[in-house]
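The values are calculated or read from the model by the stated rules, or taken from the named source; none is laboratory data. Quick caveat: nothing in here was measured; it's all calculated off a predicted structure. With ideal geometry, Cβ positions are generated from the backbone for all residues, glycine too; neighbour counts draw on all protein chains shown. Protein only, heavy atoms only, side chains kept; ligands, DNA and RNA dropped before computing areas. Shrake-Rupley method; radii C 1.70, N 1.55, O 1.52, S 1.80 Å.
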Amino acid sequence: IGADITRSKCLGFPYNLATDFTDAALTYQYFDNGFNVVNANVNTGTFNVIGTNSNGCKDTAQVVVTNFPKPNIGADITRSKCQANTYNLAIDFTNAALTYQYFDNNFVTTNANVNVGVYNVIGTNSNGCKDTAQVTVTNFAQPNTSAIASGNDFNVGFANTFSVINTA
């Protein structure tokens, strides 16, 4: 059925042993530690595969399954922005070895510039392994910019009153 092989997969996802054994003239059995693996989908470990042809002749191969390193894009974060502006999610995710996708309510946003909300960011490495983080974007409190002019006094919403001096 072929030589022994080593395969890697992303952490948290199974590897399908049947991917490597596709000869339709053979039936396959997968064993782990002497026990029949009911399903070809496995996690990490060493597995023995037995291929049997229609005459009952058998051949074996060993498959070692390991995990690729998982990318780490960081912890969940909260960011604030001025109300009239958008926030660029890409500022917080700068690892050039990863590609990023930004999701809001399970829809991919067309760019990283967003308004207030909760966003899920997925970083994917060259092996296809993924990590996620959540970004909550809020608005800073708006400053009180109301101004009341009274004579030569100009109140800008602070505890102090300023005088406007006309020098013309």
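Both radii come from the Cα set of segment 30-101: Rg as radius of gyration, Rh as Kirkwood radius; their ratio Rg/Rh reads 1.36.
For V137, the shell of other residues with beta-carbons less than 14 Å away shows a net charge of -1, using +1 for Lys and Arg and -1 for Asp and Glu.
Here segment 55-95 is scanned for amide nitrogen atoms under 19 Å from the site 7 Å beyond the Cα of N33 along Cα-to-Cβ, giving 62-67. The residues of segment 18-141 expose on average 60 square angstrom of accessible surface per residue, using a 1.4 Å probe on protein heavy atoms.
The C-alpha radius of gyration of segment 1-130, expressed as a fraction of 2.2 N^0.38 Å, stands at 1.58. Calculated FRET efficiency, N67 to N88, Cβ-Cβ distance, R0 = 35 Å: about 0.60 to the nearest 0.05.
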